[in-house]
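Structure first, then comments.
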Amino acid sequence: MPTDPNSLIYNTSGSIGGREILLFLAALPLFGGPVLWLLPDRSLLPLIGAFFGVGLAAVLVAVAPLGRAALPALGFRRVGWRPVVFGTLGTTALSVAVSQFGLEPQGVKQAMKIAQEPAAFLLSLALLAGLAPLVEELVFRGLLYGWLASRWGAGIAFTVSSLVFAAAHVEPAHALLVLPLGLLFGWLRWRTASLWPSLAAHMANNGLAVAAAAYLQA
């Protein structure tokens with residue numbers, strides 16, 4: 001634990017510090033308010049795109065002061081192919097197992113219903129399997145994990161970031177479904193010290209879900 005309380009906010013180490021967290025939290029309403037106000041179409045897919053687009057912009061603002069150190073600070077470090085491949089396979093198996101619980105979050109049902117529409121499939125795939133997991137990984141396994149790990153160690157970072165990831169899905173059924181996945185993603189981040197395995201696994205999981213929804217409808 002840091003002995004200097006200012007080290008929780010002011011960051012001079014090239015890692016994620018309190019400054020980056022505060023910048024992220026400040027940028028969210030700064031960007032989100034105008035985007036929501038100007039959004040002409042407030043159906044589900046445009047709202048998802050706007051929500052995660054704002055999140056991505058806020059992350060970029062947050063890490064801008066780090067310069068070239070931003071990417072490694074977020075966890076973009078080289079890693080072998082095995083954690084990526086086996087992490088993705090493990091995530092797929094875990095996702096199938098969790099789906100047997102019979103929980104059907106309303107938000108997931110709505111998103112998958114839209115993905116079943118042929119005209120919306122590619123956009124759904126880009127948003128739900130591309131932008132959404134990218135932003136979630138940057139926020140939870142990048143910013144939050146990086147800040148916690150640099151202050152209180154990887155164990156605390158793994159536990160807290162996984163729980164916050166699940167809680168951020170708000171709907172209780174959805175939070176319960178994603179908690180095991182969040183723990184696996186967090187473990188991959190912890191075990192490899194890289195964001196790539198959890199990012200690849202997260203994208204693959206969401207992509208398979210979107211593709212399965214479209215295939216079942218067809």
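The values are calculated or read from the model by the stated rules, or taken from the named source; none is laboratory data. Bear in mind that the values here come from a model prediction, so they are computed numbers and not experimental data. Reconstructed Cβ throughout: ideal geometry from the backbone, glycine too, with neighbour counts over all protein chains shown.
Side notes on the structure shown:
- First in segment 19-32 and over 13 Å from residue 64 (Cα atoms), second anywhere and of a type in the set (Val, Ile, Thr), Cβ under 8 Å, 6 or more apart: 28/54; 31/54; 32/54
- In segment 178-218, residue modelled with the lowest pLDDT [restricted to those that are in contact with an Asp or Glu (Cβ under 9 Å, 6 or more places away or on another chain) and assigned to a helix (DSSP H, G or I)]: 217
- Residue, farthest from residue 84 (Cα to Cα), within segment 168-177, restricted to residues that are in a helix (DSSP H, G or I) and of a type in the set (A, V, I, L, M, F, W, C): 173
- Extreme residue, surrounded by the most Cβ atoms within 10 Å (Cβ to Cβ), among residues of segment 61-80 that are among the hydrophobic types (A, V, I, L, M, F, W, C) and in contact (Cβ under 8 Å) with a residue 60 or more places away in the chain: 62
Here's the yes/no breakdown for (1) of a type in the set (Phe, Trp, Tyr); (2) in contact with a Leu (Cβ under 8 Å, 6 or more places away or on another chain):
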site	(1), (2)
142	no, yes
145	yes, no
183	no, no
199	no, yes
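- Only one entry of 181, 131, 143, 148 meets the criterion of being hydrophobic (A, V, I, L, M, F, W, C), surrounded by 14 or more Cβ atoms within 10 Å (Cβ to Cβ), more than 26 Å from residue 23 (Cα to Cα) and within 19 Å of the chain's Cα centre (by Cα), and that entry is 181.
- Members of segment 75-103 that are β-branched (Val, Ile, Thr) and in contact with a helix residue (DSSP H, G or I) (Cβ under 6 Å, 6 or more places away or on another chain): 79, 84, 88, 91, 98
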